[in-house]
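**Student:** Take a look at this one; I'll ask things after.
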Amino acid sequence: MNLGTRKLLPTALAVLLAASPAFGAAGWWNVAWAHRRAIDVESYQPTKLPGDDVGVVTMPTAGLTRADGADVRVTTSAGKPLPTRVLSTGPGDRAVVAFALEPGTTRYYAYFGCADPPPQAKPLDIRRGVLQQTWANPGGGTGNLEQARAVFERAKTLLGADFRDRIFQAHNPFGPQTNLATIYTAWLNCPADGKYLFCLSSQNASFLLVDDALLLDNGGFHAPQDNISKRTAADLKAGLHKLTVYHVSSWGDPTMVVAWRPPETWRVEPVPPGAFAPVFRGRCGPIEDYGRGGSIDFVPDHAGEAFMDNAYFQRYAFEALTAGRLGQNVSWRWDFGDGQTSEKASVEHVYLADGLYTVTLTARTALGELKRTNRISVTRDWDAVIRNEVDGLGKHARIVAGYDFRTLDAESAGPAMALLKRAGSAAAVLRAGEGFLRRDSAPATAVQQVVPAYADALAAAGQATEAVIALIRGSKMTDHAGVTAELLVQAGQITLDRLGKIDDAEKLFATVLQKYALVSSSPAIRLARIGLGDVRRARGERDKAMEAYLAAGASLPPNARGGEPVVRGDFVRHVEAYLRDRKLRDAEDYLDRWEQVLPADKLDGFSTLYRVRLRMDQKQYAPAAREAETLVRVSPASNYAPELLLMAAECYEKLNDAPAAKAALKRVVEKYPESSLAATARKKLAEK
């Protein structure tokens, strides 16, 4: 060896060691891979069957793998590379990884983050379990096996791939799609030689192959089958046999099952999970980063969902994980990707809208600031939908009640407010609305969903002035004419009904008609016309009020039978029932709808009678008295006038306004002496 060779040797050796297994950081397989996760497969027992024993793990990738997962490798803890196959990646930062298992080994490592990975020395020999691979169906004929195979050749969009416990399909475990093309590759471990009867039932086309030979042809487009007419027996030896099922479902829920009757048995049943060679599930640990003394991580856990108004809310559990030594007094901060944050190490979070969210965990540690990011696809747990297990709305509302509506993403703000309102959390609704109105602007849909609910809560809390201010503020957050008109009309109604400011209410209704009547078809335009009628009604101008109500017109439901009398009767029955059962919000809702559908009824007094009773039940005595007085003033000949005056007198007594109560009773006696209620009024006056 010459001198030049000796000088080059240390440098060459260093390069070789850095690129070789089991060198670099302690226990690190290959430094060309920048990241790894520990995987524990604790239930593994060697099968001694042909092919590799297979482990599978679903792991977050933190965006650190190649898009196709081609850089993922699995090794033993001693650094032995194992045959590995990435079954699927996405949506978001996740991968489903299968790998060969080693007898006597429970701890493995998944390595990833290699810029230019070489090919694997040996492919994974999967002869275990039931592997389902599902694509979006590209269409085409499925009358025979050749046509079905052509469908799969054209399929481009893989929706998902993973091991299942049996060959059975009643839903799509990878998403909401129902137009599917699915291949099941299963390895049946026959217990004995003999004749095995196989049955195939499905909606639309399905084909069963045993050891790659077609056994059952169930092709074509057809409805779900409820019998076992598609059946054939096969002579099989004890041991492994490959079952392949092609299933192409073009419409409706995907439905397919393979059943059997083993030798020496008489019952046909779906092939049970225990009949297939086992696959062993692994559990992944936190990410470790090469060259760092410590790292942080998290594994998103879909913890549950709640249902409300044809929408699902998703609850996730997040826990900060660590690897290595980070020192003491570590502080945490979560950014959930929807405008919300948390500083707890372990926290639950509710997503109000499906989508792809970038979740970031930041830690301040002795090593400095560390971050970990994962994109998570928030949607239903499609494998759990058939269990029909949902959280109570209260559980989700308690989490959402702590959200900051100043920063909550616009798509989530409306559903979040609806959830808080449904849960009956008035304080949370008020906090949410206050936060939302601190924004300078917001999409029209969010404004439309959040601001009216906030204003209703303010008005119900006796803060009518604040409710009007909130609605006017909200109307300036969007340039959508229809939404702006809706908020201003609601402001006008509260100004008139709760505050009794007739002139201010008139200005609000007039503004809507002047600015938006020609540029919007919003129902708020009609409500503004009704509002002007209400203003004239409050002034006692019966003819002008009727003119405004007639201009707005009745708005009967489509195909309403029996016309106005039947529709009115339906409203009356509902309002009476809700008042009787003390369901005051429901009663108010139906009463509002009644007077919107038939606005001229506001001059009759029948709906007013219920309105006053409602306000009294709500202990809103001043608005109740004002409403009664208004009807009597505008329609003194109403059959309901004496009763309304008696109710007004009762309200004045509740308000400790004895002179007003006495005046209302005197009017009953003087103006309606023919009424049977006049005697009641005289008796009450005599008692004063």
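**Student:** Any idea which residue in region 52-78 is nearest to the chain's Cα centre (by Cα), counting only those that are modelled with pLDDT under 95 and over 21 Å from ARG372 (Cβ atoms)?
**Tutor:** Filtering region 52-78 for residues that are modelled with pLDDT under 95 and over 21 Å from ARG372 (Cβ atoms), the one nearest to the chain's Cα centre (by Cα) comes out as ASP68.
**Student:** Identify all residues within region 255-269 that are surrounded by 15 or more Cβ atoms within 10 Å (Cβ to Cβ) and either among the hydroxyl-bearing types (Ser, Thr, Tyr) or assigned to a strand (DSSP E or B) (or both); write none if there are none.
**Tutor:** Of region 255-269, the ones surrounded by 15 or more Cβ atoms within 10 Å (Cβ to Cβ) are 255-263.
Across region 255-269, the qualifying residues are THR255, MET256, VAL257, VAL258, ALA259, TRP260, ARG261.
**Student:** Specify which of the listed residues (LYS684, LYS666) is more than 18 Å from GLY605 (Cβ to Cβ) and either of a type outside the set (D, E, K, R) or crowded, with 16+ Cβ neighbours inside 10 Å (or both).
**Tutor:** Values: LYS666 fails: either of a type outside the set (D, E, K, R) or crowded, with 16+ Cβ neighbours inside 10 Å (or both).
Criteria check complete, one pass: LYS684.
**Student:** Scan region 270-283 residue by residue and report those that are within 24 Å of VAL96 (Cα to Cα), more than 31 Å from the chain's Cα centre (by Cα) and not in a loop (DSSP other than H, G, I, E, B). Outline the logic, then answer.
**Tutor:** Within region 270-283, the subset within 24 Å of VAL96 (Cα to Cα) is 272-283.
Filter once more, so that each one left must be more than 31 Å from the chain's Cα centre (by Cα): 272-280.
Of everything in region 270-283, those that are within 24 Å of VAL96 (Cα to Cα), more than 31 Å from the chain's Cα centre (by Cα) and not in a loop (DSSP other than H, G, I, E, B) turn out to be PRO273, GLY274, ALA275, PHE276, VAL279, PHE280.
**Student:** Still on this structure, I have one more. Could you please let me know if LEU419 is within 30 Å of ALA517 (Cβ to Cβ), at pLDDT 95 or above and among the hydrophobic types (A, V, I, L, M, F, W, C)?
**Tutor:** Values: within 30 Å of ALA517 (Cβ to Cβ): no; at pLDDT 95 or above: yes; among the hydrophobic types (A, V, I, L, M, F, W, C): yes.
In short, no.
**Student:** Only one residue in SER475, SER441 is farther than 26 Å from MET308 by Cα, of a type outside the set (A, V, I, L, M) and touching a Leu at 6+ places or on another chain (Cβ under 8 Å). Which one?
**Tutor:** On the way: SER441 fails: touching a Leu at 6+ places or on another chain (Cβ under 8 Å).
The match here is SER475.
**Student:** On to the next question. Out of the residues in region 70-114 that are among the small types (Gly, Ala, Ser) and part of a loop (DSSP other than H, G, I, E, B), which is farthest from ILE287 (Cα to Cα)?
**Tutor:** Of the residues in region 70-114, the ones among the small types (Gly, Ala, Ser) are 70, 77-79, 88, 90, 92, 95, 98, 100, 104, 110, 113.
From what's left, part of a loop (DSSP other than H, G, I, E, B): 70, 77-79, 90, 104, 113.
Details: ALA70: 18, SER77: 15, ALA78: 18, GLY79: 17, GLY90: 18, GLY104: 24, GLY113: 11 Å.
Of everything passing the filter in region 70-114, GLY104 is farthest from ILE287 (Cα to Cα).
Rundown of residues vs (1) in a strand (DSSP E or B); (2) modelled with pLDDT of 95 or more, yes/no style:
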site: ILE287; (1), (2): yes, yes
site: PHE318; (1), (2): yes, yes
site: THR322; (1), (2): yes, no
site: TRP332; (1), (2): yes, yes
site: ASP338; (1), (2): no, yes
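**Student:** May I pose another question? Which numbered condition in (1) out of contact with any strand residue (DSSP E or B) (no Cβ under 7 Å at 6 or more places or on another chain); (2) of a type outside the set (Gly, Ala, Ser); (3) free of Cβ contacts under 8 Å to residues at least 24 places away in the same chain is the only one that ASP409 fails?
**Tutor:** Status for ASP409: all satisfied but (3).
**Student:** For region 160-176, give me the residue count where each residue is closer than 20 Å to ALA95 by Cα and either within 24 Å of the chain's Cα centre (by Cα) or assigned to a strand (DSSP E or B) (or both).
**Tutor:** Here is the first cut: in region 160-176, the residues closer than 20 Å to ALA95 by Cα are 160-165, 172-176.
Then drop every residue that is not either within 24 Å of the chain's Cα centre (by Cα) or assigned to a strand (DSSP E or B) (or both), which leaves 160-164, 172-176.
Number satisfying all stated conditions: 10.
**Student:** Could you list all residues from region 423-445 that are under 23 Å from ARG585 (Cα atoms) and either modelled with pLDDT of 95 or more or among the hydrophobic types (A, V, I, L, M, F, W, C) (or both)?
**Tutor:** Step one: of region 423-445, the residues under 23 Å from ARG585 (Cα atoms) are 423-434.
Passing the criteria: ALA423, ALA426, ALA427, ALA428, VAL429, LEU430, ARG431, ALA432, GLY433, GLU434.
**Student:** I would also like to ask the following. Residues that are part of a strand (DSSP E or B) and among the charged types (D, E, K, R): does region 390-408 have at least one? Walk me through how you get there before you give the answer.
**Tutor:** Narrowing region 390-408 to residues part of a strand (DSSP E or B): none.
No: region 390-408 contains no residue that is part of a strand (DSSP E or B) and among the charged types (D, E, K, R).
**Student:** Taking the condition in contact with a Ser or Thr (Cβ under 8 Å, 6 or more places away or on another chain), surrounded by 16 or more Cβ atoms within 10 Å (Cβ to Cβ), at pLDDT below 95 and not basic (Lys, Arg), does ALA410 pass? Quick ask: steps written out before the conclusion?
**Tutor:** Values: in contact with a Ser or Thr (Cβ under 8 Å, 6 or more places away or on another chain): yes; surrounded by 16 or more Cβ atoms within 10 Å (Cβ to Cβ): yes; at pLDDT below 95: yes; not basic (Lys, Arg): yes.
So ALA410 fits the description; yes.
**Student:** Among the listed residues ALA552, ALA648, ALA587, ALA628, identify the single one that is in contact with a helix residue (DSSP H, G or I) (Cβ under 9 Å, 6 or more places away or on another chain) and under 22 Å from ARG526 (Cβ atoms). Spell out how you get there, then give the answer.
**Tutor:** Working: ALA648 fails: under 22 Å from ARG526 (Cβ atoms); ALA587 fails: under 22 Å from ARG526 (Cβ atoms); ALA628 fails: under 22 Å from ARG526 (Cβ atoms).
Of ALA552, ALA648, ALA587, ALA628, the one residue that is in contact with a helix residue (DSSP H, G or I) (Cβ under 9 Å, 6 or more places away or on another chain) and under 22 Å from ARG526 (Cβ atoms) is ALA552.
**Student:** Also, I was wondering about something else. Looking at region 577-605 only, could you name the residues that are in contact (Cβ under 8 Å) with a residue 24 or more places away in the chain and surrounded by fewer than 17 Cβ atoms within 10 Å (Cβ to Cβ)?
**Tutor:** Listed by number, the residues that qualify are ARG582, LEU584, GLN596, ASP604.
**Student:** Residue by residue through region 563-576, note down the ones that are surrounded by fewer than 11 Cβ atoms within 10 Å (Cβ to Cβ) and either in a loop (DSSP other than H, G, I, E, B) or of a type in the set (Gly, Ala, Ser) (or both).
**Tutor:** GLY563
**Student:** Let me ask something else about it. Got a number for residues in region 107-122 being at pLDDT 95 or above and within 26 Å of ALA186 (Cβ to Cβ)?
**Tutor:** Selection size over region 107-122: 2.
**Student:** Still on this structure, I have one more. Specify which of the listed residues (THR142, THR182) is surrounded by 21 or more Cβ atoms within 10 Å (Cβ to Cβ), part of a strand (DSSP E or B) and either in contact with an Asp or Glu (Cβ under 6 Å, 6 or more places away or on another chain) or assigned by TED's automatic domain parsing to the domain that holds VAL271 (or both). Outline the logic, then answer.
**Tutor:** Details: THR142 fails: part of a strand (DSSP E or B).
From the options THR142, THR182, the qualifying one is THR182.
**Student:** Can you name the residue in region 42-58 that is not in a loop (DSSP other than H, G, I, E, B) and not hydroxyl-bearing (Ser, Thr, Tyr) and is also farthest from ILE126 (Cα to Cα) among such residues?
**Tutor:** Taking region 42-58 as the starting set, the residues that turn out to be not in a loop (DSSP other than H, G, I, E, B) are 52, 54-58.
When the remaining residues are screened for being not hydroxyl-bearing (Ser, Thr, Tyr), the result is 52, 54-57.
Working: ASP52: 6, VAL54: 7, GLY55: 10, VAL56: 11, VAL57: 15 Å.
Here the answer is VAL57.
**Student:** Looking at region 381-388, is at least one residue closer than 30 Å to GLU434 by Cα and either surrounded by 14 or more Cβ atoms within 10 Å (Cβ to Cβ) or within 22 Å of the chain's Cα centre (by Cα) (or both)?
**Tutor:** Kept after step one, since they are closer than 30 Å to GLU434 by Cα, are these residues of region 381-388: none.
No - not one qualifying residue is present in region 381-388.
**Student:** Going residue by residue through region 242-254, is there one that turns out to be modelled with pLDDT under 95 and assigned to a strand (DSSP E or B)? Before you say what the answer is, go through the steps one by one.
**Tutor:** Residues of region 242-254 that are modelled with pLDDT under 95, as a first pass: 249-254.
Applying the additional criterion that residues be assigned to a strand (DSSP E or B) yields 249.
Yes.
The values are calculated or read from the model by the stated rules, or taken from the named source; none is laboratory data. The structure displayed is predicted, hence computed values, not measured ones. Methodologically, a virtual Cβ is constructed for each residue, glycine included, from the backbone with ideal geometry; neighbour enumeration extends over all protein chains shown.
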